[in-house]
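Notes follow the structure.
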């Protein structure tokens with residue numbers, strides 16, 4: 001697991017507090033799996049939940065959005081589940097079949113995760 005933590009490029013939490021975006025670095029010990037990461041994100045005081053962004057080994061990224069009991073996830077590359085426990089936990093959460101060696105590098109999960117009525121891909125300045 002320590003080798004996998006060393007592969008983390010960045011791990012950030014973003015949330016809005018009183019209408020102002022706040023960004024904080026996440027401790028690497030919360031990156032063991034999706035459940036632990038989602039639990040850590042729920043501790044932030046965001047008006048509408050929090051978003052976690054984790055990039056690993058310049059290979060893949062995970063975006064997690066929590067609001068109350070809801071957890072939404074985007075994994076940039078399902079094949080990362082072969083080598084990375086955090087990616088494997090996302091594939092398990094999404095109830096996807098086991099990743100096969102011949103699978104394509106495709107994203108999985110909620111591709112609209114960051115889209116809200118106030119923040120669309122065309123207005124990322126929100």
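What follows draws every value from the coordinates through simple rules; no lab data is involved. Predicted, not measured: the structure shown is a model, and the values here were computed from it. We place every Cβ from the backbone using ideal geometry, glycine too, and count neighbours over all the protein chains shown.
Extension gain for residue 57-residue 32 works out to 7.5 nm (0.36 nm per residue, less the C-alpha to C-alpha distance).
From least to most packed, judged by other beta carbons within 10 angstrom and beginning with the fewest, 71, 36 follow the order 36, 71. Cβ-Cβ distance of residue 69 and residue 25, R₀ of 25 Å, FRET efficiency by 1/(1 + (r/R0)^6): the value works out to about 0.50. Only Cα pairs under 8 Å and at least 6 apart count here; give the relative contact order of the chain as a rounded whole percent. Reported as a whole number, the value is 19 percent.
If R0 is taken as 35 Å, the Cβ-Cβ distance between residue 18 and residue 112 corresponds to a FRET efficiency of 0.85.
Per residue of the chain, the DSSP helices (runs of n ≥ 4 H) give a summed -39500 (n - 2.57) that works out to -4500 deg cm²/dmol at 222 nm.
Over the chain, with a Gaussian network built from C-alpha contacts below 10 Å, which listed residue (65, 43, 16) shows the highest mean-square fluctuation? Per the Cα network of the chain with a 10 Å cutoff, 43 tops the list. Extension gain, residue 100 to residue 83, is 4.9 nm, computed as 0.36 nm per intervening residue step minus the present C-alpha separation.
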